[in-house]
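Shown next, in structure tokens, is the structure this report addresses.
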Amino acid sequence: GLGAENPTTAPSLRTNDIVALIGGGSAEARARNAHWETLLIAAHPTHHLRILNLAREGDTVFSQLREVNYPSPLQQVATAKATVCVLDFGQGEAFDGLEHLEHFAERLSQWVLDCQALGTRVILVTPIPVTRNDPPPIEAYAQRIRDIARRQNLPVIDVFEAARSQKDLSIDGRKLTESGQARVAASALKPWLHGLVVPQTDPAGRFPEPSWEALRQSVIARNALWKAYSRPTNWAFLAGDRTEQLSSRDHLDPKIRWFPKEMEQFVPLLQAADQKTDTLAALLTLLTRVTPLETAR
């Protein structure tokens, strides 16, 4: 089998990687409690990782509805100069049943090629199992994702396997609770964490260790900034179909559009937030690594 001994599927992140998360609602939800980002950053404290959540509730491999002129996920990947694309599809699509499985597999394979055409490495994610009555055939979709990964030599983050044993971690048989998010992240990302020991969280998904929770809170704040920057609520005035409106223009000189310039104020804020997570990750590493002096005692 193509396990970690195969260099192409061995999970690895590189220094200065910009990781784009693409997918539907469960992928979007991850940005809110930031366990994935926290664990990956903590495990790579000197890598300066940038993890950008481009996922949207309702997105599938087949359709990603956006506002007028809003860039597609692949355009966002190109603009952000992402080096890694994490494709997290399958939960919503599984509700279409087994008759659509091959169609799903074809589209996902096309996504892989499209991302690679932009020069990114690709990681696939299996979907969270649905445990309520009359569940869709998610297991078959998860297996198909693993098959594509094996055929195309791609690493997989196996969320399905990690969440399968955690039935009590779901809110409604479909979405994970806060602590469920944390436990599934720690389990599914284990091959990527280089032996990092991840503390358990409380039911609200908080780490009891202050240095871990400080890092997680800084990532949550950073994700909120990224969302405000990449998905402004008044998109129509910024770049959509209302850019000619007076309220989108300077009141003294209507030729000047003040909104795009205002959005650029987010850039230094995001850079500062990224630096803060780097600093806290370095601090966490100092605090969690046992020094030789202590072991000698």
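If you take the Cα atoms of the stretch 1-136, find Rg, then find the Kirkwood Rh from the mean of 1/r over all pairs, what is Rg/Rh?
On the way: Rg = 15.5 Å, Rh = 16.0 Å.
Checking Rg against Rh, the ratio lands at 0.97.
How big is Rg to Rh over the stretch 94-197, alpha-carbon atoms, Rh as the Kirkwood inverse-mean-distance radius? Mind dumping the intermediate values first?
Working: Rg = 14.6 Å, Rh = 14.7 Å.
The Rg/Rh ratio comes out at 0.99.
For a label point 7 Å from the Cα of L286 along Cα→C-beta, name the residues of the stretch 184-227 whose backbone N is under 18 Å from it.
Output list for this probe position: 210-216, 218.
In the stretch 102-161, how does Rg compare with the Kirkwood Rh, expressed as the Rg/Rh ratio over alpha carbon atoms? List each step's numbers first, then the result.
Working: Rg = 12.4 Å, Rh = 12.2 Å.
Value, to two decimals: 1.01.
Amide H of V61: which non-local residues (sequence gap of 5 or more, or other chain) have their own amide H closer than 5 Å, using H built in the peptide plane?
Correct list: G90.
Check which residues have an amide H placed less than 5 Å from I123's amide H, if you skip close sequence neighbours.
C85, V86, L87
Residue-wise, which Karplus ³J(HN,Hα) couplings in Hz belong to the stretch 63-78, taking 6.51 cos²θ - 1.76 cosθ + 1.60, θ = phi - 60°, and x for glycine or proline?
Going residue by residue, I get 8, 9, 6, 9, 5, 4, 6, 6, x, 6, x, 5, 5, 5, 4, 5 Hz, with x marking Gly and Pro.
Give me a comma-separated list of calculated 3J(HN,Hα) values for the stretch 20-25, in order, Karplus coefficients 6.51, -1.76, 1.60 applied at θ = phi - 60°, integers in Hz, x for any Gly or Pro.
9, 8, 10, x, x, x
Using the per-residue mean of other Cβ atoms lying within 10 Å as a proxy for protection, in what order, highest first, do the peptides 33-46, 204-217, 65-78 fall?
Working: 33-46: 23.4, 204-217: 17.3, 65-78: 15.1.
Ranked by mean Cβ neighbours within 10 Å, highest first: 33-46, 204-217, 65-78.
Name the residues whose placed amide hydrogens come within less than 5 Å of the amide hydrogen of L52, ignoring near sequence neighbours (fewer than 5 apart) on the same chain.
For L52, whose amide H was placed from the backbone, the distant partners under 5 Å are V19, A20, L21.
Values in this text are rule-based calculations from the coordinates and carry no lab data. These figures come from a predicted structure and were not determined experimentally. Cβ atoms come from the backbone with ideal geometry, glycine included; neighbour counts cover every protein chain shown.
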